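Let me begin by presenting the structure, written as structure tokens, before commenting on it.
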Amino acid sequence: MIKFKNVNKYFGSFHVLKNIDLQINEGEVVVIIGPSGSGKSTLLRCINRLETISDGELILNKVPLHDNKIDINLFRRDIGIVFQHFNLYPHKKVIDNIILAPMKVQRLSKDEAKTIAMSYLTRVGIDEKADSYPSQLSGGQQQRVAIARGLAMNPKIMLFDEPTSALDPEIIGEVLDVMRSLTNQGMTMVIVTHEMGFAREVADVIVFIDEGQILEVATSTEFFSSPREARARAFLSRLI
Ligand code: ADP
Ligand code: MG
């Protein structure tokens, strides 16, 4: 579904992604882990072209994303993204945050978009907050709204960039529960997280990245029981 072939990315002279080769198949849950500053967010952002790659090939469902001529809106609707900071519009109600993109991109009527929005709010367990403003919600609730907003576009892939890092410890679980339910429904997901227990539980594939290089790609069981790379072992031993 997603294929990186020898991808490099520079910010000016800084070589942030180095010779990235990675394949993500439909229905897979891929968890990217690695130290802060290692390039995890940049890798994720290349997938929906919030960042462009410098060289190599990045192919999404046979569409070459590295080709500047392609219409990014054609594939972006297939990709939902959830950030660490929820990026909700503060002056819009929860429901209006969610219907925006379906109305604009999928040209749904307001009523159609609202029906879909309510079904996703129900799915993430906060339909009763539809008419609240983001500031009236807890961080965990806001992040669940952000997930509902991503899902409302009916994407083929969901990307998550440290979705629980900004949350208080006691509400991390409610967001992980929503993500876990998505993994059970066969959604293709690429997740950057420091929640190792969650990673271990849901990941089909763990990708360990350090200093812009993928050092290890392994099943969750392999990675957590016996990481091959010394730097992965060091990383895990600092966390656990
Ligand atoms: P991670 O998500 O693993 O913490 P990032 O992908 O955010 O890492 O960043 C990787 C490196 O690239 C860091 O050193 C960061 O400072 C740098 N970086 C990220 N975005 C930019 C940018 N827009 N311009 C210049 N450097 C950047
Ligand atoms: Mg990051």
Checklist outcome for this item: The alpha-carbon center of segment 92-132 and that of segment 175-240 are separated, in whole Å, by 31
Checklist outcome for this item: Going from the fewest other Cβ atoms within 10 Å to the most, one would list V217, V202, V105 as V105, V217, V202
Checklist entry - Shape of the chain from its Cα gyration tensor (a ≥ b ≥ c, root eigenvalues): rounded if a/c is under 1.5, otherwise prolate when a/b > b/c, or oblate? => result oblate
Checklist outcome for this item: Averaged over all viewing directions, the convex hull of the alpha carbons in segment 13-137 casts a projected area in nm² of 10.2
Checklist entry - Just from its helices, what would the mean residue ellipticity at 222 nm be for the chain, if runs of 4 or more DSSP H residues each count -39500 (n - 2.57) and the sum is divided by every residue, rounded to the nearest 500 deg cm²/dmol? => result -11000 deg cm²/dmol
Checklist entry - Sorting H85, H91 on the 10 Å Cβ count, fewest up front, what's the list? => result H91, H85
Item to check | Which listed pairs, of K18/K62; K18/K129; K9/K93, have C-alpha distances above 32 Å, in listed order | outcome: K18/K129; K9/K93
Item to check | Signed unit charges on C-beta, dipole axis of segment 93-145, positive-most listed residue T115, N97, S138 | outcome: N97
Checklist outcome for this item: Place a point 7 Å from the Cα of N154 in the direction of its beta carbon; the residues of segment 72-106 whose amide N falls under 11 Å from it are 106
Item to check | Where labels lie 7 Å past Cα in the beta-carbon direction, separation of Q84 and D127 in nm | outcome: 3.4
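Seen from all sides and averaged, what is the projected area of the convex hull of the Cα atoms in segment 76-141, in nm²?
4.6
Since every read-out is calculated from the coordinates, none of them should be taken as a lab result. Values in this document were obtained by computation on a predicted structure and should not be read as measured data. Positions of Cβ are generated from backbone atoms using ideal geometry, with glycine treated the same way; all protein chains shown enter the neighbour counts.
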